[in-house]
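FYI, it's all coordinate maths here, none of it is from the lab. These numbers come from a predicted model, not from an experiment. Note that we place each Cβ from the backbone using ideal geometry, even for glycine, and neighbour counts take in every protein chain shown.
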């Protein structure tokens, strides 16, 4: 079943490329257009048969009935006014950024049929080379409608993500950013900081546990600079919460308080075990 006639994907990287591959796999669009700054990315996207046409010229998305903005947040905010002059008024526009409050506030004023989305999928890898049609299967996608978002647009975008295999959660943009600052942004901040604590001369001895906990420190720096800066107040608050917990652990160790240490470790273990 074709949900769309022409889909334009701006940013054919890991997530944008995966959306393209999933649209192809499930036959949800007659044509998929890819736009990227990189010729190499567009060539690989064509080789992988993720897109039907590709261009470095944003005007290629003209006539699309769905546009997916899959670029870093700062790039999305920069391109939105230009894209609004190219697409049809009834074109549905979604973004897949990891922060939402600034994006929803801005893009909801620019596009008549905009809806913020955030698929909780992907990895520390980047680029179309690592894209997969199945990356969204059994994942969660958060939709962040504004108060005046057309319910029909919400229903159509929800149907799209369900077809791609995701489970849907709807949250206000501000709540999304608060929640993700703890669930995603803080862990990345910790991973980056932890790696920066370790002398390079120690790295030849690194155990698997450190590789596990710092895997996400290999994430794309441009992407994460945007995330940190567009959600900085929530992330600062989350860092403060983490510092309090770390300080509590530090004081417990200073006292040599085994009972309190046992409680701290058991509480964390119990929470972690609920994740499966």
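Rg to Rh for the range 1-143: what is it, with Cα atoms only and Rh by Kirkwood?
0.92
Taking Cα atoms, how many degrees apart are the long axis of helix 258-273 and the longest axis of the chain, rounded to 10 and kept between 0 and 90?
Approximately 20 degrees, to the nearest 10.
Treat the range 15-77 as a sphere of radius equal to its Kirkwood radius over Cα pairs and apply Stokes-Einstein at 4 °C in a medium of 1.567 mPa s; give the translational diffusion coefficient in µm²/s, rounded to a whole number.
108 µm²/s
For the chain, find the longest principal axis of its Cα atoms and tell me its angle to the long axis of helix 101-110, 0 to 90°, nearest 10.
Compared with the principal axis, the helix lies near 10 degrees.
If each residue of separation counts as 0.36 nm, what is the full-extension length gain between residue 148 and residue 216 once their alpha-carbon separation is subtracted?
20.9 nm
Let me check against my output: what whole-number percent is the relative contact order of the chain, with C-alpha pairs under 8 Å and at least 6 apart?
In percent, rounded to a whole number, it is 16.
How tilted is helix 232-255 with respect to the longest principal axis of the chain? Cα atoms for both, answer in degrees (0 to 90, nearest 10).
That works out to roughly 20 degrees.
With the contact rule set at Cα under 8 Å and sequence spacing of 6 or more, what percent relative contact order holds for the range 176-273?
Taking the mean separation of contacting Cα pairs over the length of the range 176-273, I get 34 percent.
I need to check one value: relative contact order of the range 1-120, counting alpha carbon pairs closer than 8 Å and at least 6 residues apart, in percent.
Reported relative contact order: 24 percent.
Kindly give the semi-axes, whole Å and largest first, of the ellipsoid equivalent to the range 176-273, taking each as the square root of 5 times a Cα gyration tensor eigenvalue.
Largest first, the range 176-273 gives 25, 20, 13 Å.
If the chain between residue 169 and residue 139 were fully stretched, how many nm would it gain, using 0.36 nm times the residue separation less the Cα-Cα distance?
Working it through step by step, the gained length comes to 9.7 nm.
How long is the gain from residue 56 to residue 130 if the chain were fully straight, where each residue apart is worth 0.36 nm and the alpha carbon distance is subtracted?
24.6 nm
Note the direction-averaged projected area, equal to a quarter of the hull surface, for the Cα convex hull of the range 156-202, in nm².
5.2 nm²
Which residues does a label at residue 237 reach in the range 147-177, if reach means a backbone N under 20 Å from a point 7 Å past the Cα toward the Cβ?
Residues 147, 170-177 qualify, since their backbone N sits under 20 Å from the label point.
Measuring from a point 7 Å past the Cα of residue 49 along Cα-to-C-beta, which residues in the range 14-31 have an amide N at less than 18 Å?
In the range 14-31, the label zone of residue 49 (backbone N under 18 Å from the point 7 Å along Cα→Cβ) covers 17-31.
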